[in-house]
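J.: One structure is given below, represented as structure tokens, and several questions about it will come after.
The values are calculated or read from the model by the stated rules, or taken from the named source; none is laboratory data. Fair warning: this is a prediction, and the values are worked out from it, not measured in the lab. Cβ placement follows ideal geometry from the backbone for every residue including glycine, while neighbour counts extend to all protein chains displayed. For the accessible areas, the whole protein counts, side chains as well, though only heavy atoms, and no ligand, DNA or RNA atoms are used. Shrake-Rupley method; radii C 1.70, N 1.55, O 1.52, S 1.80 Å.
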Amino acid sequence: MSSETEAAQFSNGTDAAQVISPNDDHSVTPGDDEIRHLNDAVRSLPSHAVKYLLSAGVCIRCIFRLFGIRDHAYFRSSLSPSVMCNILGEGDSSSSESMESELEPEVCRICLGILQFTYRDEKEMLVKRKNGDELAASIAELIRQEGHQIDGFSLEVSTPTIIFENEQAVRLYMKKKYGSELWFQERLSECISTKDALKFAIVNPLEIILDVKSGPSSVRIRLTYTETKPSIIPLKSVDGNGGLKRRKTGTNNGLDTVHVELVGNGTGCCDLSLGQGSPASGRSSTGLAEHESSECSNFPLERVNEPCHLVFQCHRTPIYFGGRYLKFSRNVSQTRWIIDDERMGEASIEEIIGGHIRPMCQGDSYKFHAAGREDIDVRMLGSGRPFLVEVQNARKVPSKALVKEIETRMNNLENKLVGVKNLSLVTSHSWDLMREGEAEKQKQYSALVWISRPLEDEDLQCIASHKDLKILQRTPVRVLHRRSPLERGKIIHWMKIEQITGSSQYFLLHLCTQAGTYIKEFVHGDLGRTHPSIGSILRCRTEILQLDVTDVKMDCFLAE
């Protein structure tokens with residue numbers, strides 16, 4: 001394919017690179033010192049080994065990492081094979097063009113194009129970047145297009161396992177070919193992984209372009225490279241089965257020797273024998289097995305026609321908003337409630353609060369968590385119930401002023417179904433605090449009660465006299481279809497009756513209980529499944545008509 005035709009097939013990734021190109025103010029241009037150090041580093045390499053690796057289809061950056069060169073500038077550079085050979089004294093300027101076509105692999109046979117900044121994008125279009133600066137610029141542009149507001153980032157890279165296998169095959173071959181030379185043990189003992197080499201190439205330009213530092217961060221930039229479907233031109237005959245194969249080739253002191261053939265997606269093969277279980281099969285300082293068969297290391301690897309497929313993701317870890325909600329309606333559920341495709345209630349706390357917070361953060365989705373729940377026909381009053389809203393992949397982290405503005409907006413809704421108190425941005429640690437407090441909390445209620453006889457003064461005194469009353473509750477009849485049939489011990493810390501003027505059989509019951517107490521059943525007894533109950537204490541029939549939660553005693557999301 002001609003360069004003109006291939007350029008026409010490049011994806012819009014090339015256009016993205018033009019938005020923030022290495023020629024912009026943010027680009028990283030190597031200075032004279034970097035160029036001098038680069039030349040010195042190249043000259044320090046064994047020229048005959050470098051020339052052989054180039055001719056075998058290994059890219060320059062893979063050569064750098066195989067020899068343990070760690071300087072970031074080397075991996076960002078656009079050094080060509082011909083220039084590299086000229087520095088090594090293996091070529092001249094007059095033959096540079098022919099040498100370029102002879103040595104430059106279309107796709108590196110070790111890294112599959114990753115360190116050549118060549119890949120297939122999500123649209124399966126071929127994308128080529130000149131250097132790490134251009135790749136970093138395209139990543140930064142995608143981050144901006146997605147609207148991410150960041151103050152730092154961590155870079156994560158995932159690569160196919162075949163790259164490691166190819167690398168080991170090359171190193172094993174070099175051990176066989178150059179193991180007796182002095183430079184071998186010194187230079188190949190600190191091989192750099194493809195992931196680290198890629199990070200060397202793009203982290204510093206990303207920091208400059210985005211104007212933030214890399215490190216532990218809630219914002220994670222992830223590059224996932226996967227193998228593209230095989231498209232190879234065979235250089236040698238290989239087993240048609242492909243893949244990574246193991247077969248016994250004989251025994252050594254009674255121990256099996258396993259013959260391993262590395263064939264990765266048509267990207268190459270290398271036969272090597274590794275002793276299995278032998279005490280003598282230790283590893284040298286280069287990390288290569290000490291024992292290989294005389295027929296191992298078919299090299300070079302097969303030519304690779306297709307680079308890896310690259311998927312880019314920028315994702316923020318969840319952010320949390322904490323507060324307390326109030327519910328003023330007896331027809332609003334805590335979470336969205338659908339039965340047989342029919343909605344229960346006119347709205348939900350989850351949708352009202354989450355529906356205001358998620359757009360503020362430009363997040364993908366949200367989850368609503370609360371410290372317990374009340375029935376749909378029970379109001380939540382007083383100090384409110386603690387809650388957390390977990391926003392997934394928020395593009396923006398709102399300011400305190402904006403959070404307070406959203407709180408005010410929710411409190412001023414026309415329907416007045418819910419209210420919100422003390423809304424703020426909190427840490428994930430608040431989740432643990434809320435869960436710990438939920439198990440230990442006390443709750444206060446106010447219940448409208450009817451009894452089958454007129455209320456007497458002795459009833460008021462009798463009810464008020466019970467302190468830390470222990471009761472036993474079997475799973476209520478109304479929830480037996482979804483709860484296990486258990487018997488639970490609970491505590492009623494205190495109770496008192498408030499009389500209603502003009503009514504002798506209706507009163508307000510105020511009480512404070514242990515978390516998890518079924519209040520409705522404590523009032524009417526649930527056919528004897530809760531004992532004692534208000535009915536058994538007053539020795540008459542009792543019914544609960546309305547119930548409100550007036551306080552949830554937890555040291556969580558209280559006013560500052």
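J.: Take the residues in region 468-477 that are within 12 Å of Arg529 (Cα to Cα) and in contact with a strand residue (DSSP E or B) (Cβ under 7 Å, 6 or more places away or on another chain); name whichever of them is most open to solvent (accessible area, probe 1.4 Å). It would help to see each step written out before you state the result.
T.: Restricting attention to region 468-477, the residues satisfying the condition of being within 12 Å of Arg529 (Cα to Cα) are 471-477.
Filter once more, keeping what is in contact with a strand residue (DSSP E or B) (Cβ under 7 Å, 6 or more places away or on another chain): 471-474.
Details: Ile471: 5, Leu472: 88, Gln473: 3, Arg474: 113 Å².
Filtering region 468-477 for residues that are within 12 Å of Arg529 (Cα to Cα) and in contact with a strand residue (DSSP E or B) (Cβ under 7 Å, 6 or more places away or on another chain), the one most open to solvent (accessible area, probe 1.4 Å) comes out as Arg474.
J.: Here is a further query. Those residues that are assigned to a loop (DSSP other than H, G, I, E, B) and more than 15 Å from Gly152 (Cβ to Cβ), I need them from region 197-211; list them, please. Steps first, please.
T.: Here is the first cut: in region 197-211, the ones assigned to a loop (DSSP other than H, G, I, E, B) are 211.
Matches in region 197-211: none.
J.: A follow-up question, please. Give the residues of region 147-179 that are in a helix (DSSP H, G or I) and among the polar types (S, T, N, Q), sorted by residue number. Full working, then the answer.
T.: The first filter runs over region 147-179 and keeps only residues in a helix (DSSP H, G or I), leaving 161-178.
Thr161, Asn166, Gln168 - these are the residues of region 147-179 that are in a helix (DSSP H, G or I) and among the polar types (S, T, N, Q).
J.: Here is a further query. Does Thr513 satisfy the criteria of being among the β-branched types (Val, Ile, Thr) and outside any loop (DSSP other than H, G, I, E, B)? Spell out how you get there, then give the answer.
T.: Values: among the β-branched types (Val, Ile, Thr): yes; outside any loop (DSSP other than H, G, I, E, B): yes.
The answer is yes for Thr513.
J.: How many residues does region 338-355 contain that are crowded, with 18+ Cβ neighbours inside 10 Å and not in a strand (DSSP E or B)?
T.: Number of matching residues: 5.
J.: Then there's this: Is one or more of the residues making up region 433-444 of a type in the set (S, T, N, Q), open to solvent by less than 80 Å² (accessible area, probe 1.4 Å) and either under 54 Å from the mean Cα position of the chain (by Cα) or more than 20 Å from Phe522 (Cα to Cα) (or both)? First the steps, then the outcome.
T.: Residues of region 433-444 that are of a type in the set (S, T, N, Q), as a first pass: 442, 444.
This time we only want the ones that are open to solvent by less than 80 Å² (accessible area, probe 1.4 Å), so: 442, 444.
Filter once more, keeping what is either under 54 Å from the mean Cα position of the chain (by Cα) or more than 20 Å from Phe522 (Cα to Cα) (or both): 442, 444.
Checked against the condition, which is being of a type in the set (S, T, N, Q), open to solvent by less than 80 Å² (accessible area, probe 1.4 Å) and either under 54 Å from the mean Cα position of the chain (by Cα) or more than 20 Å from Phe522 (Cα to Cα) (or both), region 433-444 yields at least one hit.
J.: What's the total number of residues in region 499-516 that are touching a residue at least 24 places away in the same chain (Cβ under 8 Å) and open to solvent by 10 Å² or more (accessible area, probe 1.4 Å)? Don't jump to the end; show me each part of the working.
T.: Looking only at region 499-516, we keep the residues that are touching a residue at least 24 places away in the same chain (Cβ under 8 Å), and these are 499, 504-516.
So of that shortlist, the ones also open to solvent by 10 Å² or more (accessible area, probe 1.4 Å) come out as 499, 504-506, 508, 510, 514-516.
Total meeting the criteria: 9.
J.: Right, another one. How many of the residues making up region 110-120 are in a loop (DSSP other than H, G, I, E, B) and either modelled with pLDDT under 90 or of a type in the set (Val, Ile, Thr) (or both)?
T.: Quick first cut of region 110-120, residues in a loop (DSSP other than H, G, I, E, B) only: 110-113, 117.
Checking which are either modelled with pLDDT under 90 or of a type in the set (Val, Ile, Thr) (or both) leaves us with 110.
The qualifying residues number 1.
J.: Of everything in region 129-167, what is more than 30 Å from Pro398 (Cβ to Cβ), surrounded by 19 or more Cβ atoms within 10 Å (Cβ to Cβ) and polar (S, T, N, Q)? Give them in sequence order.
T.: Just the residues of region 129-167 that are more than 30 Å from Pro398 (Cβ to Cβ), to begin with: 129-135, 157-167.
Still in the running and surrounded by 19 or more Cβ atoms within 10 Å (Cβ to Cβ): 129, 131-135, 159-160, 162-163, 165-167.
Hits for region 129-167 are Asn131, Thr159, Asn166.
J.: Right, Gln444: within 29 Å of Ser503 (Cα to Cα), in contact with a strand residue (DSSP E or B) (Cβ under 7 Å, 6 or more places away or on another chain) and among the polar types (S, T, N, Q) or not? Let's see the steps before the verdict.
T.: Values: within 29 Å of Ser503 (Cα to Cα): yes; in contact with a strand residue (DSSP E or B) (Cβ under 7 Å, 6 or more places away or on another chain): yes; among the polar types (S, T, N, Q): yes.
Judged against the criteria, Gln444 is a match.
J.: Can you report the number of residues in region 534-560 which are in a loop (DSSP other than H, G, I, E, B) and among the charged types (D, E, K, R)?
T.: Initially, region 534-560 is screened for residues in a loop (DSSP other than H, G, I, E, B), giving 539-541, 554-560.
The next check asks that each one be among the charged types (D, E, K, R); those that pass are 539, 541, 555, 560.
The total comes to 4.
J.: Out of the residues in region 517-533 meeting the condition of being among the charged types (D, E, K, R) and outside any loop (DSSP other than H, G, I, E, B), tell me which one is most open to solvent (accessible area, probe 1.4 Å). Please lay out each step first, then the result.
T.: Of region 517-533, the ones among the charged types (D, E, K, R) are 520-521, 526, 529.
After this cut, where a residue has to be outside any loop (DSSP other than H, G, I, E, B) as well, the list is 520-521.
Numbers: Lys520: 37, Glu521: 4 Å².
Taking the candidates together, the pick is Lys520.
J.: I'm trying to understand the selection: among the residues of region 296-324, which are open to solvent by 20 Å² or more (accessible area, probe 1.4 Å), modelled with pLDDT of 80 or more and not β-branched (Val, Ile, Thr)?
T.: Once the filter is applied, which keeps residues that are open to solvent by 20 Å² or more (accessible area, probe 1.4 Å), modelled with pLDDT of 80 or more and not β-branched (Val, Ile, Thr), region 296-324 yields Arg303, Asn305, Glu306, His309, Phe312, Gln313, His315, Pro318, Tyr320.
J.: Now, a different point. Do any strands (runs of 3 or more DSSP E) lying entirely in region 403-508 carry at least 1 residues that are acidic (Asp, Glu), and which ones are they? Working first, answer last.
T.: Details: elements: 418-426, 442-451, 469-474, 487-499.
Once the strands (runs of 3 or more DSSP E) in region 403-508 are filtered for at least 1 residues that are acidic (Asp, Glu), what remains is 487-499.
J.: Check whether at least one residue in region 478-489 is within 29 Å of Tyr325 (Cβ to Cβ), without any contact (Cβ under 8 Å) to a residue 40 or more places away in the chain and either acidic (Asp, Glu) or surrounded by 14 or more Cβ atoms within 10 Å (Cβ to Cβ) (or both), and report yes or no.
T.: Yes, that holds for at least one residue.
J.: Considering Glu227, Glu181, Glu186, which residue is open to solvent by 30 Å² or more (accessible area, probe 1.4 Å), within 20 Å of His309 (Cβ to Cβ) and either at pLDDT 90 or above or charged (D, E, K, R) (or both)? Give the steps one after another, and end with the answer.
T.: Values: Glu181 fails: within 20 Å of His309 (Cβ to Cβ); Glu186 fails: within 20 Å of His309 (Cβ to Cβ).
Within the list Glu227, Glu181, Glu186, the selection yields Glu227.
J.: Can you tell me which residue within region 109-128, out of those that are in contact with a helix residue (DSSP H, G or I) (Cβ under 9 Å, 6 or more places away or on another chain) and open to solvent by less than 10 Å² (accessible area, probe 1.4 Å), is farthest from Val219 (Cα to Cα)?
T.: Ile110
J.: OK, next. Working only within region 367-425, note down all residues that are in contact with a Pro (Cβ under 8 Å, 6 or more places away or on another chain), open to solvent by less than 60 Å² (accessible area, probe 1.4 Å), among the hydrophobic types (A, V, I, L, M, F, W, C) and closer than 22 Å to Glu436 by Cα.
T.: Ala370, Ala371, Val391
J.: Here's a follow-up. If a residue must be small (Gly, Ala, Ser) and either under 24 Å from the mean Cα position of the chain (by Cα) or not in a strand (DSSP E or B) (or both), how many such residues does region 377-402 contain? Working first, answer last.
T.: Initially, region 377-402 is screened for residues small (Gly, Ala, Ser), giving 382-384, 394, 399, 401.
Adding the requirement that they be either under 24 Å from the mean Cα position of the chain (by Cα) or not in a strand (DSSP E or B) (or both) leaves 394, 399, 401.
Counting residues in region 377-402 that are small (Gly, Ala, Ser) and either under 24 Å from the mean Cα position of the chain (by Cα) or not in a strand (DSSP E or B) (or both) gives 3.
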